[in-house]
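Notes to accompany the following structure.
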Amino acid sequence: MKLAIIDTETTGLDPETSVVLEFAALVIHPTEGHVIARYETKIKPTEEELRAAHPKALEVNGYTDEAWADAPTIEQVAPEIGTLLEGCVLVGHNVSFDEQMLKAHLAAHGIEERIPYHKIDTVTLAYEHLTPLGLKSASLDRIREFLGWSKEGAHTAMKDVEDTANLFELLWRMTPWQRFVLRLKLRFGWKV
């Protein structure tokens, strides 16, 4: 199955009251590992959804009326998202959150696009491979700091997808030898 590395930026943390403001995905070929599709979109919230938004979420995600003025609605992008994710395993950093938010947003608008339920969570991979090396928190920002990755553009869906893809590539099926090499790189400040 293809891998779809996904991320959503939302108006809050509760799928019952929040909606997706931005969605991004990289679809990866299952055996060759190269990107076969790249997709990102802002999604324009309704006035009611915007009134229910948590102000901190809007601030973190960089929401402004101007930046989202020409954004499509969820009804406009749902078919594209459904087609893109068809036949994929979802990969994400706390991917269940993204899956739940996307499903809830679609359901709230009466849209019946199927979202895959098979998933791989990079948070689990981080706990397995990076916590033994000294990682204290598995948030994507903390992992960026731990690995020496740039945080510029963080909390935009595509930047988070790209960093999640890099994290997945680094940690998926990591061998003890690869973990030893990573430990040396971290100890000596070499590029990861």
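Checking 173, 144 one by one, the residue that is exposed (fewer than 15 other Cβ atoms within 10 Å of the Cβ) and either free of Cβ contacts under 8 Å to residues at least 40 places away in the same chain or in a helix (DSSP H, G or I) (or both) is 173 and no other.
Regarding residue 37, is this residue assigned to a strand (DSSP E or B), touching a helix residue (DSSP H, G or I) at 6+ places or on another chain (Cβ under 8 Å) and under 21 Å from residue 107 (Cβ atoms)? Spelling it out, it is not the case that residue 37 is assigned to a strand (DSSP E or B), touching a helix residue (DSSP H, G or I) at 6+ places or on another chain (Cβ under 8 Å) and under 21 Å from residue 107 (Cβ atoms). The residues of the range 78-103 that are buried (at least 18 other Cβ atoms within 10 Å of the Cβ) and within 12 Å of residue 19 (Cβ to Cβ), listed by number, are 101, 102.
Residues that are closer than 21 Å to residue 10 by Cα, part of a helix (DSSP H, G or I) and β-branched (Val, Ile, Thr) occur at least once in the range 119-128. Within the range 74-118, being in a helix (DSSP H, G or I), hydroxyl-bearing (Ser, Thr, Tyr) and either over 30 Å from residue 174 (Cα atoms) or modelled with pLDDT under 95 (or both) holds for one residue alone: 83. Out of the residues in the range 1-32 that are among the charged types (D, E, K, R) and surrounded by fewer than 20 Cβ atoms within 10 Å (Cβ to Cβ), state the one that is modelled with the lowest pLDDT. Within the range 1-32, the match that is modelled with the lowest pLDDT is 32.
The values are calculated or read from the model by the stated rules, or taken from the named source; none is laboratory data. Model, not experiment: these values are computed from the prediction. Reconstructed Cβ throughout: ideal geometry from the backbone, glycine too, with neighbour counts over all protein chains shown.
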